[in-house]
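Asker: Before we start, here is the structure in question, set down as structure tokens.
The values are calculated or read from the model by the stated rules, or taken from the named source; none is laboratory data. Quick caveat, the model's predicted, so the values are computed rather than measured. Cβ placement follows ideal geometry from the backbone for every residue including glycine, while neighbour counts extend to all protein chains displayed.
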Amino acid sequence: MSNRLYYLKVFLLQHRAAVAAGMLALALTAAVWYVRTPKIPVTEQDFSDALREGEALFSAKRYEEAFDTLLYPARRGYPKAEYLVAEMYYNGWGTNRDAKLAFENYTRAADFLIEAKYKTARMAFRGETKALPKGRATALLTETAYHGWIPAQRDLGIYSLLSNDWEQAYFWLTLAAENGDEKAQKGLEKAREHLSEYQRTLLDAEAKDFSARK
């Protein structure tokens, strides 16, 4: 036996407790890493399971884990996963804030989810993206408002207020205010000041008959 092997054997015998403890700690670290690392989906059932798990993690505000889990179904084209990944990119939850990637994921989900369609329009109106022309953003916002999305109704009302379109402002803010939106309630007071009683009566009737599109 060479001197090196002899001294290595002596060292291991003398420090076998420390070596064993180190190996145990390494094994535990590896086990924790394995458990926490999301399983890479292969089948459609795997992607569905990842979406369900990611949604639960997102609801529990465990954003880092949610982000790592939802990236797979998002890249696979699952709209809800794309939307939640966009939310995390937009707000910097569980990942670095990235408006560009947020917008891209909102846009992909927008064909299926009304909330994603609203978020793409909102980003354009806020100047957070130049990828969506204001005309298209207005069309999306109007579409979501007609589908009964309260934040879209409020925003459309406020934008109409800013452009002095009092009747449009009054109509949309009335709908949003009826659902308890405080910003809409405040804006409605301003719009009311610029309309006659006759105009308000007609708009109130129109708002009462409003039915959200399916």
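Asker: Mind telling me which of the residues THR201, THR138, THR120 ends up being surrounded by fewer than 22 Cβ atoms within 10 Å (Cβ to Cβ) and closer than 30 Å to PRO79 by Cα?
Answerer: Criteria check complete, one pass: THR138.
Asker: Which of the numbered conditions does ARG126 fail, given that it passes all the others? Conditions: (1) crowded, with 20+ Cβ neighbours inside 10 Å; (2) under 21 Å from the mean Cα position of the chain (by Cα).
Answerer: Of everything listed in (1) crowded, with 20+ Cβ neighbours inside 10 Å; (2) under 21 Å from the mean Cα position of the chain (by Cα), ARG126 misses just condition (1).
Asker: When residues of segment 155-209 are filtered for being touching a helix residue (DSSP H, G or I) at 6+ places or on another chain (Cβ under 6 Å) and either in contact (Cβ under 8 Å) with a residue 40 or more places away in the chain or outside any helix (DSSP H, G or I) (or both), how many remain?
Answerer: 4
Asker: Oh, and also: Being hydroxyl-bearing (Ser, Thr, Tyr), free of Cβ contacts under 8 Å to residues at least 60 places away in the same chain and either within 30 Å of LYS100 (Cα to Cα) or not in a helix (DSSP H, G or I) (or both), is that true of even one residue in segment 124-134?
Answerer: yes
To keep it simple, each residue is scored yes or no on (1) free of Cβ contacts under 8 Å to residues at least 24 places away in the same chain; (2) of a type in the set (Gly, Ala, Ser); (3) under 18 Å from GLU104 (Cα atoms).
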residue: ASP49; (1), (2), (3): yes, no, no
residue: GLY54; (1), (2), (3): no, yes, no
residue: GLU65; (1), (2), (3): no, no, no
residue: PRO79; (1), (2), (3): no, no, yes
residue: MET88; (1), (2), (3): no, no, yes
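Asker: Still on this structure: Looking at this structure, is TYR146 touching a residue at least 24 places away in the same chain (Cβ under 8 Å), buried (at least 18 other Cβ atoms within 10 Å of the Cβ), out of contact with any Gly (no Cβ under 6 Å at 6 or more places or on another chain) and at negative phi?
Answerer: No; evaluated as a whole, the condition is false for this residue.
Asker: Let me ask something else about it. Here is a list: ARG62, ARG4. Which entry is out of contact with any helix residue (DSSP H, G or I) (no Cβ under 7 Å at 6 or more places or on another chain) and either modelled with pLDDT of 60 or more or closer than 30 Å to PHE125 by Cβ (or both)?
Answerer: ARG62
Asker: What number of residues in segment 50-68 are of a type in the set (Gly, Ala, Ser) and over 19 Å from GLY92 (Cβ atoms)?
Answerer: 2
Asker: Tell me which residues, restricted to segment 88-112, are within 11 Å of the chain's Cα centre (by Cα) and not in a helix (DSSP H, G or I).
Answerer: Of everything in segment 88-112, those that are within 11 Å of the chain's Cα centre (by Cα) and not in a helix (DSSP H, G or I) turn out to be GLY92, TRP93.
Asker: Hey, among the residues in segment 43-83 that are of a type in the set (Gly, Ala, Ser) and assigned to a helix (DSSP H, G or I), which one's farthest from the chain's Cα centre (by Cα)?
Answerer: That would be SER48.
Asker: A follow-up question, please. Mind checking which residues of segment 165-206 are among the polar types (S, T, N, Q) and touching a Ser or Thr at 6+ places or on another chain (Cβ under 9 Å)?
Answerer: Residue satisfying the conditions is GLN168 alone.
Asker: ALA74 - would you say it is buried (at least 22 other Cβ atoms within 10 Å of the Cβ) and either out of contact with any His (no Cβ under 9 Å at 6 or more places or on another chain) or without any contact (Cβ under 8 Å) to a residue 60 or more places away in the chain (or both)?
Answerer: Spelling it out, ALA74 is indeed buried (at least 22 other Cβ atoms within 10 Å of the Cβ) and either out of contact with any His (no Cβ under 9 Å at 6 or more places or on another chain) or without any contact (Cβ under 8 Å) to a residue 60 or more places away in the chain (or both).
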